[in-house]
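A quick write-up on the structure given underneath.
The values are calculated or read from the model by the stated rules, or taken from the named source; none is laboratory data. Nothing here was measured: the structure is a model prediction, and the numbers come from that model. Cβ atoms come from the backbone with ideal geometry, glycine included; neighbour counts cover every protein chain shown. Heads up: the accessible areas ignore ligands, DNA and RNA and are worked out on the full protein's heavy atoms, side chains in. Shrake-Rupley method; radii C 1.70, N 1.55, O 1.52, S 1.80 Å.
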Amino acid sequence: MVTAPNVAANLPWVEKYRPSKLDELVAHEQVVKTLTRFIENRTMPHLLFYGPPGTGKTTTVLAAARKMYSPQKMTSMVLELNASDERGIDVVRNTIVNFAQTKALQAFSSATTSENAAFKLVILDEADSMTKDAQNALRRVIEKYTDNVRFCIICNYMASIIPAIQSRCTRFRFAPLDQKLIVPRLEYIVKTENLNMTPDGRDALLTVSKGDMRTVINTLQSTAMSFDVISETTVYQCIGQPTPKEMKEVIKSLLNDPAKKCLINIKSKLFGNGYALQDVITHLHDIIYTLDIPDQAMATLITGLGEVEENLSTGCSNETQLAAVVAAFFEAKRLCVADMKNVQLEDVEPMEL
Ligand SMILES: Nc1ncnc2c1ncn2[C@@H]1O[C@H](COP(=O)(O)OP(=O)(O)O)[C@@H](O)[C@H]1O
Ligand SMILES: [Mg+2]
């Protein structure tokens with residue numbers, strides 16, 4: 001599954017453990033099945049892969065290319081353009097058109113060899129950053145060279161691709177990976193690298209990555225570089241975010257302490273440890289949905305946290321915005337009291353933290 005150890009030794013783990021074959025991918029069973037059928041029947045359409053980062057889009061198309069072409073032919077048959085390449089209209093007119101035209105003969109000659117594909121492949125990775133002009137130029141190119149070239153367009157958001165291109169491609173959605181499916185792959189890496197990972201460390205990796213396998217592997221590697229054990233504490237320490245336990249204390253203080261005490265408390269707990277309010281807001285946002293409070297109070301919290309997040313992104317200070325978070329909680333508490341039928345504020349406890 002892994003390439004030769006000395007070659008791989010210096011590679012970041014995301015590359016070292018990038019599956020090279022389609023059947024090594026976790027999840028996306030249907031996508032892999034359909035692609036395999038396309039390859040075997042030599043009926044590959046143009047492809048459009050979309051979905052959040054770290055879900056295997058680039059890996060899938062590279063593995064499909066390896067299945068279609070022999071290693072010697074890969075460089076001449078596959079053109080891969082990613083975010084680091086210029087992606088204006090000139091690239092479409094020059095690089096892509098040149099590739100499609102000049103190698104055409106070679107492409108056809110391969111039909112008589114053992115290759116699985118008689119066409120070349122252009123991979124436009126991270127196509128969200130392509131300009132609309134470039135995309136418009138591309139749609140003509142796609143049609144003109146369909147005889148000997150297939151396109152695979154990869155993006156995070158389908159809305160960033162113009163409808164004319166969308167309709168020329170077969171679409172595949174790459175959903176965030178199911179945690180259950182990430183676990184075996186994660187444990188395989190832990191075993192191969194001889195690491196010491198505790199169960200709560202594993203859960204922390206799964207929680208912070210939200211279905212993004214690249215984040216799982218990168219966080220695992222950086223934690224392993226800095227600490228002997230991969231535990232909940234070391235994972236959160238490594239990424240510089242508050243642990244669930246620290247967040248629980250914060251929310252308890254927000255719900256129960258008087259305003260001044262609450263501010264001082266949270267300031268020393270969070271800022272003392274160097275956490276960014278932005279990260280705290282993200283965690284708070286997840287936690288407030290677990291609170292058993294009236295809708296009106298919940299709405300106030302959601303709006304309040306949203307405003308704070310916006311203010312932080314425009315450069316407001318952590319301190320004043322923390323005060324705004326505390327204020328949002330106090331407003332929510334006031335609404336709880338107004339709505340008080342059966343909610344006892346002191347009893348409001350976050351569930352399942
Ligand atoms: N479905 C998957 N199965 C196994 N590993 C995966 C999968 N998705 C992502 N990965 C891992 O995450 C890394 C990033 O995947 P990549 O295909 O580059 O993601 P994307 O292009 O969707 O952002 C890969 O190197 C691989 O190690
Ligand atoms: Mg990618």
Which of Phe271, Thr243, Thr223, positive extreme of dipole for segment 197-283 (C-beta unit charges): Phe271
Theoretical gain in end-to-end length, Leu11 to Thr36 [0.36 nm per residue, Cα-Cα removed]: 6.2 nm
Segment 204-331, Rg to Rh (Cα coordinates; Rh as Kirkwood inverse mean 1/r): 0.99
Volume per residue of the C-alpha convex hull in the chain, rounded to whole Å³: 168
Virtual spin-label span in nm between Arg173 and Tyr289, 7 Å along Cα→Cβ: 1.7
For Leu79, residues with placed amide H under 5 Å, excluding near neighbours: Leu121, Val122, Ile123
Calculated FRET value between Glu307 and Arg140, using beta carbons and R₀ = 35 Å, to 0.05: 0.15
Restraint check, Lys67/Lys144; Lys144/Lys210; Lys73/Lys210, Cα-Cα greater than 32 Å: Lys144/Lys210; Lys73/Lys210
The chain, accessible surface, carbon-and-sulfur percent (1.4 angstrom probe): 52
Cα-Cα pairs of segment 179-239 separated by more than 19 Å (percent): 13
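When only C-alpha pairs under 8 Å and at least 6 residues apart count, what is the relative contact order of the chain, in percent?
About 15 percent, as a whole number.
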Computed [θ] at 222 nm, helices only, for the chain once each DSSP H run of length n ≥ 4 contributes -39500 (n - 2.57): -16000 deg cm²/dmol
Separation between Cα centres of segment 257-317 and segment 119-141, rounded to whole Å: 42
Check: the chain dipole with +1 on Lys, Arg Cβ and -1 on Asp, Glu Cβ, in debye: 1540
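Would you please give the FRET efficiency between Gln296 and Lys267, computed as 1/(1 + (r/R0)^6) with r the Cβ-Cβ distance and R0 = 45 Å, to the nearest 0.05?
0.95
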Heavy-atom surface of the chain, accessible at 1.4 Å and reported per residue (Å²): 50
For segment 244-347, size of Cβ-based charge dipole, Lys and Arg +1, Asp and Glu -1, in debye: 400
Difference of contour (0.36 nm per residue) and Cα-Cα distance, Asn94 to Asn196: 31.6 nm
Full-extension gain in nm, Gln278 to Lys132, via 0.36 nm per residue minus C-alpha separation: 49.3 nm
